[in-house]
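*Asks:* This is the structure, below, for whatever I ask next.
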Amino acid sequence: MSNLIEQSYELAKQKYAALGVDVEKALAKMDQIKISLHCWQGDDVGGFESENKELTGGIQSTGNYPGKARNAEELRQDLEKAFSLIPGPKKLNLHAIYLENGGEFVDRDQIEPKHFANWVAWAKEQDIGLDFNPTLFSHEKLDNGLSLSHPDKGIRDFWIEHVKRSRRISEYFGRELGQPSVMNIWMPDGFKDIPADRLGPRKLLKESLDICLEEKLDPKCHLDAVESKVFGIGSESYVVGSHEFYMGYAMESKTLLCLDAGHFHPTEVISNKISALSLFVDQLLLHVSRPVRWDSDHVVLLDDELMAIAQEIVRHDLLDRVHIGLDFFDGSINRIAAWAIGTRNMRKALLLALLEPKAELFATEKSFDLTKRLALLEELKSYPWQAIWDHYCEKNNIAVGLDWLDEVKQYENDVLSKRG
């Protein structure tokens with residue numbers, strides 16, 4: 001460890017100790033927090049189901065930066081590079097369209113664990129867990145923008161079978177890797193214009209979900225989550241799976257509730273929902289993204305909302321009840337850099353939250369010393385957390401500062417530029 005980084009770290013430790021913060025304990029907690037990276041950043045949500053698959057269901061990735069992954073081997077290679085730039089425990093979140101079918105088309109209602117065996121073997125090599133998602137978009141049976149809420153029973157049955165098979169694949173992940181796979185169910189069902197019947201599709205969606213989840217799976221291997229959205233491209237006026245629908249469904253069915261940072265009104269934030277929902281649902285799943293005027297899935301910044309999300313989790317001792325996943329896809333910049341920037345920012349936000357003098361902050365609030373509360377929170381913004389972050393990276397053999405960018409540029413020159 002370099003002398004300068006170690007000296008800065010020791011000085012920072014002393015400064016935080018004066019506030020009653022044990023930096024070593026904070027870093028020990030950091031080493032217990034898993035962040036689930038999303039595979040779809042690496043290929044712009046294309047997947048490997050078939051070539052030239054058109055994105056539908058309101059999904060849109062912009063940009064044409066060279067070198068995107070064209071197959072599972074290239075995607076795993078890129079992920080390994082990204083992992084080498086990010087400190088701390090990780091998982092990988094897979095969508096069903098990232099199966100390996102040996103060149104033969106396998107429809108969504110026919111997928112099996114064997115189509116993901118290579119991913120499991122790779123995850124064991126990387127010592128990471130896997131999460132999963134059924135893919136209820138970019139398919140001809142997303143008919144008129146509807147899947148599980150479609151009035152045609154045949155279409156609903158197709159998607160129900162897909163979700164059922166996805167759950168078994170998720171359980172397979174958990175059983176093989178010795179940690180739960182969180183499987184998140186999201187579908188884009190909705191209407192562009194105002195519907196006459198808002199209730200009917202929601203009844204059908206509830207019935208479909210009940211059938212999807214009727215098989216009891218081992219929670220040590222598999223956890224179900226459901227995810228809402230306020231609107232999407234092509235469903236601007238009505239989304240079947242609204243926040244209210246899924247909040248009620250999660251409480252009734254005892255599933256996890258997924259909060260996506262981009263799936264609410266532009267003036268809403270998910271940080272403010274975490275503590276409220278923690279009183280009513282056992283576990284939450286987060287999809288941490290950054291909306292710009294809409295659910296645009298930009299790379300997350302170390303901004304106020306990201307820090308507030310981390311603070312809510314840490315301040316209220318919810319680390320064992322909140323699963324942190326990322327969800328952004330930017331094809332306009334180097335895709336590996338996007339993973340590195342976004343995930344490092346998520347972990348930085350967690351570090352900042354872990355370095356807060358929580359007991360003192362809570363005490364000042366309970367005594368209504370609101371002046372001191374404000375002064376403390378503002379002063380903490382300029383405390384030397386960066387020195388602790390640099391120490392954490394170096395301790396984990398991860399590039400410090402912007403050195404990781406040099407590694408990305410070299411990888412781009414050696415690998416990505418040769419993909420054509």
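*Asks:* Output the residues belonging to the stretch 296-329 that are in a loop (DSSP other than H, G, I, E, B) and surrounded by fewer than 23 Cβ atoms within 10 Å (Cβ to Cβ). Working first, answer last.
*Replies:* In the first step, residues of the stretch 296-329 are kept if they are in a loop (DSSP other than H, G, I, E, B); the result is 296-297, 299-303, 316-321, 327-329.
Within the stretch 296-329, Ser296, Val299, Leu301, Leu302, Asp303, His316, Asp317, Leu318, Leu319, Asp320, Arg321 qualify.
*Asks:* Working only within the stretch 269-295, note down all residues that are under 17 Å from Val226 (Cβ atoms) and in a helix (DSSP H, G or I).
*Replies:* Within the stretch 269-295, Lys273, Ile274, Leu277, Ser278 qualify.
*Asks:* Restricting attention to the stretch 213-233, does a residue exist that is in contact with a Gly (Cβ under 7 Å, 6 or more places away or on another chain), of a type in the set (Val, Ile, Thr), at pLDDT 95 or above and buried (at least 18 other Cβ atoms within 10 Å of the Cβ)?
*Replies:* no
*Asks:* A follow-up question, please. When the residues of the stretch 234-248 are narrowed to those that are of a type in the set (Phe, Trp, Tyr) and surrounded by fewer than 22 Cβ atoms within 10 Å (Cβ to Cβ), which ends up farthest from the chain's Cα centre (by Cα)? Explain how you work it out, then say what you get.
*Replies:* Our first condition is that a residue be of a type in the set (Phe, Trp, Tyr); within the stretch 234-248, this holds for 238, 245-246.
Those still in the list that are surrounded by fewer than 22 Cβ atoms within 10 Å (Cβ to Cβ) too: 238, 245.
On the way: Tyr238: 25, Phe245: 21 Å.
Step by step, filter the stretch 234-248, then rank; the result is Tyr238.
*Asks:* Taking Ser149 as meeting all but one of (1) more than 22 Å from Val239 (Cα to Cα); (2) in contact with an Asp or Glu (Cβ under 8 Å, 6 or more places away or on another chain); (3) not hydrophobic (A, V, I, L, M, F, W, C), write down the number of the exception.
*Replies:* (1)
*Asks:* How do the pairs read when you match residues in the stretch 270-294 that are surrounded by fewer than 19 Cβ atoms within 10 Å (Cβ to Cβ) with residues anywhere that are among the acidic types (Asp, Glu) and in a helix (DSSP H, G or I), using Cβ under 8 Å and keeping only pairs 6 or more apart or on different chains?
*Replies:* Asn272/Glu312; Ser275/Glu312
*Asks:* Go through (1) under 29 Å from Leu37 (Cβ atoms); (2) of a type outside the set (A, V, I, L, M, F, W, C); (3) buried (at least 18 other Cβ atoms within 10 Å of the Cβ) and name the single condition Ser208 misses.
*Replies:* Failing condition for Ser208: (1).
*Asks:* Are any residues in the stretch 365-395 in a loop (DSSP other than H, G, I, E, B) and over 23 Å from Lys15 (Cα atoms), and if so, which ones?
*Replies:* Pass one, the stretch 365-395, residues in a loop (DSSP other than H, G, I, E, B): 367-369, 381-384.
Within the stretch 365-395, Ser367, Phe368 meet the criteria.
*Asks:* In the stretch 116-137, which residues are without any contact (Cβ under 8 Å) to a residue 24 or more places away in the chain and not acidic (Asp, Glu)? First the steps, then the outcome.
*Replies:* So the first thing to find is which residues in the stretch 116-137 are without any contact (Cβ under 8 Å) to a residue 24 or more places away in the chain, and the list is 117, 121, 125, 127.
Matches in the stretch 116-137: Ala117, Ala121.
*Asks:* Let me ask something additional. Based on what the data block shows, is Ala12 touching a helix residue (DSSP H, G or I) at 6+ places or on another chain (Cβ under 6 Å) and in contact (Cβ under 8 Å) with a residue 12 or more places away in the chain? It would help to see each step written out before you state the result.
*Replies:* Values: touching a helix residue (DSSP H, G or I) at 6+ places or on another chain (Cβ under 6 Å): yes; in contact (Cβ under 8 Å) with a residue 12 or more places away in the chain: yes.
In short, yes.
The values are calculated or read from the model by the stated rules, or taken from the named source; none is laboratory data. Note that the structure is predicted; figures quoted are calculated from it, not measured. So basically every Cβ, Gly included, is an ideal-geometry build from the backbone, and we count neighbours across all protein chains shown.
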